[in-house]
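Trainee: The structure that follows is given in the form of structure tokens.
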Amino acid sequence: MLSDDRQIEEYDKVGNDHNAWASSADGLLAASRLLRKLRTTFDLESVAVGVAIPDEGRIHPADLMLRGFAVECLLKALWVKQGGKICIDGKYVGVKGAGNHDLRQLWDANKLPFSENQCDVLNRLSIFMTSVGRYPIASHWSKTKMQNTLGGGKGSPTYWVTPSDDETYDSIVKVLHEALDS
């Protein structure tokens, strides 16, 4: 059996290994791709009024939650690759200057340039990660209150426009993979 000191050392080693974070992201991305593929086969118009919506019509929030967690892992992988520490003395300390599950703050901490669309998608994915992807409500009503939307008008930040948001999401993942590969 490993001593506590050795277990703490291993915890810090894995927590500060960019490959470990990238591996977790790969698993989340794989799960998300499967859900996304299944979701895109669903046609809401084919469901008659009064008939229960089948599973493939109800997985979008969970898919977006997984996508958000994948981006979070990729951002943490990049942070660690650039010399940041996420674990110190057996404790998770996170990314300096970034809140838990706040993708925009994690993006900023990595000093990555972003488009207005990417920023908008990161902000909305953070909401899916912390509330509507797994809970019926956010931790405070104001997190999902009506706001100006990027395309004009007002709406809840819990919407997802396909295919444009999917394309923006894919561009985010591409940027992160390229940054990790460089």
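Trainee: May I ask you to verify whether residue 10 is among the acidic types (Asp, Glu) and within 26 Å of residue 103 (Cβ to Cβ)?
Mentor: In short, no.
Trainee: Looking at segment 91-114, which of the residues that are assigned to a loop (DSSP other than H, G, I, E, B) and open to solvent by less than 50 Å² (accessible area, probe 1.4 Å) is farthest from residue 69 (Cα to Cα)?
Mentor: 112
Trainee: Limited to segment 29-56, what total is found for residues that are touching a residue at least 24 places away in the same chain (Cβ under 8 Å) and touching a Gly at 6+ places or on another chain (Cβ under 9 Å)?
Mentor: So the count comes out to 1.
Trainee: Moving on. Please name all residue pairs, on different chains or six or more residues apart, with Cβ atoms under 8 Å, provided the first residue is in segment 78-90 and is farther than 13 Å from residue 180 by Cβ and assigned to a loop (DSSP other than H, G, I, E, B) and the second residue is open to solvent by 60 Å² or more (accessible area, probe 1.4 Å) and not basic (Lys, Arg).
Mentor: 85/93; 86/92; 86/93; 89/8; 90/7; 90/8; 90/11
Trainee: If only one of 85, 174, 154 is over 30 Å from residue 43 (Cβ atoms) and among the basic types (Lys, Arg), which one is it?
Mentor: Details: 174 fails: over 30 Å from residue 43 (Cβ atoms); 154 fails: over 30 Å from residue 43 (Cβ atoms).
Just a single option satisfies the conditions, and that option is 85.
Trainee: Being loosely packed, with under 15 Cβ neighbours inside 10 Å, in contact (Cβ under 8 Å) with a residue 40 or more places away in the chain and part of a helix (DSSP H, G or I) is the filter here; which residues of segment 130-165 pass it?
Mentor: Scanning segment 130-165 gives a single hit, 164.
Trainee: Among the listed residues 62, 25, 48, which satisfies the condition of being small (Gly, Ala, Ser) and open to solvent by 40 Å² or more (accessible area, probe 1.4 Å)?
Mentor: 48
The values are calculated or read from the model by the stated rules, or taken from the named source; none is laboratory data. Just so it is clear, the structure is predicted and the values come from calculations on it, not from any experiment. Glycine gets a Cβ as well: all are built from the backbone with ideal geometry, and neighbour counts include every protein chain shown. The accessibility values were calculated without ligands, DNA or RNA, using every heavy atom of the protein model including side chains. Shrake-Rupley method; radii C 1.70, N 1.55, O 1.52, S 1.80 Å.
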